[in-house]
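Values quoted throughout were computed directly from the atomic coordinates according to the rules given, and no laboratory measurement underlies them. Quick caveat: nothing in here was measured; it's all calculated off a predicted structure. Neighbour counts are summed over all protein chains in view; Cβ atoms, including those assigned to glycine, are modelled from backbone coordinates with ideal geometry.
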Amino acid sequence: MKKFLFLFVAAIALSACGGDKEEVKEEVVELKDFKDRLSYVLGSVNAKSIVGQEDPNVARLDMNLVAKGFESNLNDNMPDGCEETLMKLFGPYYQDFDSTYAAEGAECLGKLTAYAFYRDMNSLGGLEKIDLKMVVSGFRHGLMKKDTLIADAEKQSILQNFIMDLNVTNGKKMMAEAKKKPGVQVFENGIIMEVIQEGKGGNPGATDDVKVEYILTSATGDTIQSSYDMKKTNGSAESVALKLNGGVIPGWSYALPKMKKGGKYRLWVPWELAYGEQMGKESLCFFIELVDYAKEGSFVKPDPMPNPGAAAGF
């Protein structure tokens, strides 16, 4: 499922390395309230995506410049020239290193991290809940591996609860907007379905196998996964084969039998009928094209050694 991009740095950045380091001044930080604690944790987690990889090249970075770049670009402006700088620093295959660009590259790493963080926080509606100055403090402490003001277990709890709260809020907004669309069907369990193109075939049974194409989007409208794109990447002509009996999320098990073969639909699924709390209470939206259906075992062969703990698909 979707990963929150503001928690990670692009792969090209993770391989960065630098030249001589400047001494980082000790910073005294006081966490006065929960907003401070949350902001500090978010900064710390972003820093860990850089230094937590234990990459020997990352250890050569000038962390003061990385922090400087991060603080200077906490906005939604893509830093000009930074991708080009990293290309010059690492070469076309990111396997070289040109020390001429070491200092500039370190600062660009911070800028790109800040840009990704701010962009995704803004998209998720989380900016008003945090203090950007405290995010910077957490980031700097994280880079220096001095982010010990909050225990790791508490950091994880704060982060998980924050993400789930944002997901629930955004999910409610998405579901409320979907209900306003003309002609949609709103079911008692909260699922909403829109017929985009009615199919001319029959309906699959509750235990049938299906072949589908789909596009999965988040509550904020970001595309998470597309079977159409996967087919292009893999060079495949086959649609996705799934079994409705235990092979998909509850929302699909409920809604697919209400669709007709050859039809195209949009389906809004509340988090309780999607991946639940284990995936951050995300409500989801699917575009679904029901290509075909058949009796159980026709498209998806039984697992000769079933694993009861295996995660279900869509």
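For the reader, a short list of remarks on this structure follows.
- Taking 14 Å as the straight-line reach from the Cα of K181, the aspartates and glutamates in range (excluding those fewer than 8 positions away in the same chain) are E194.
- Fewest-first ranking of L159, L38, using other Cβ atoms within 10 Å as the exposure measure: L159, L38
- Remark: segment 207-220, residue by residue, has Karplus-estimated 3J(HN,Hα) of 10, 6, 8, 9, 10, 9, 10, 8, 10, 9, 10, 7, 5, 9 Hz, where x stands for each Gly or Pro and the curve is 6.51 cos²θ - 1.76 cosθ + 1.60 at θ = phi - 60°.
- FRET efficiency estimate (nearest 0.05) - Cβ-Cβ, E272 to A176, R0 25 angstrom: 0.95
- Longest exposed-site-free window of the chain, the sites being GluC sites (Glu not before Pro) in a DSSP loop that have at most 12 other C-beta atoms within 10 Å: 55-187
- Anisotropy class of segment 173-256 from Cα gyration tensor, a/c 1.5 cut: oblate
- Per residue, the convex hull spanned by the Cα atoms of the chain measures out at 169 cubic angstrom.
- As a calculated quantity, the FRET efficiency between D76 and Q53 at R0 = 25 Å, using C-beta atoms, amounts to about 0.40.
- Within the shell defined by Cβ-Cβ distances under 9 Å, the residues around G201 carry a net charge of +2, with Lys and Arg each +1 and Asp and Glu each -1.
- Potential lengthening between V195 and S157 on full extension [0.36 nm per residue; Cα-Cα distance subtracted]: 9.7 nm
- Potential lengthening of the chain between E188 and V28 amounts to 52.3 nm, from the contour at 0.36 nm per residue minus the alpha-carbon distance.
- Restraint check, K200/K261; K231/K258; K180/K258; K173/K260; K260/K281, Cα-Cα greater than 18 Å: K231/K258; K180/K258; K173/K260; K260/K281
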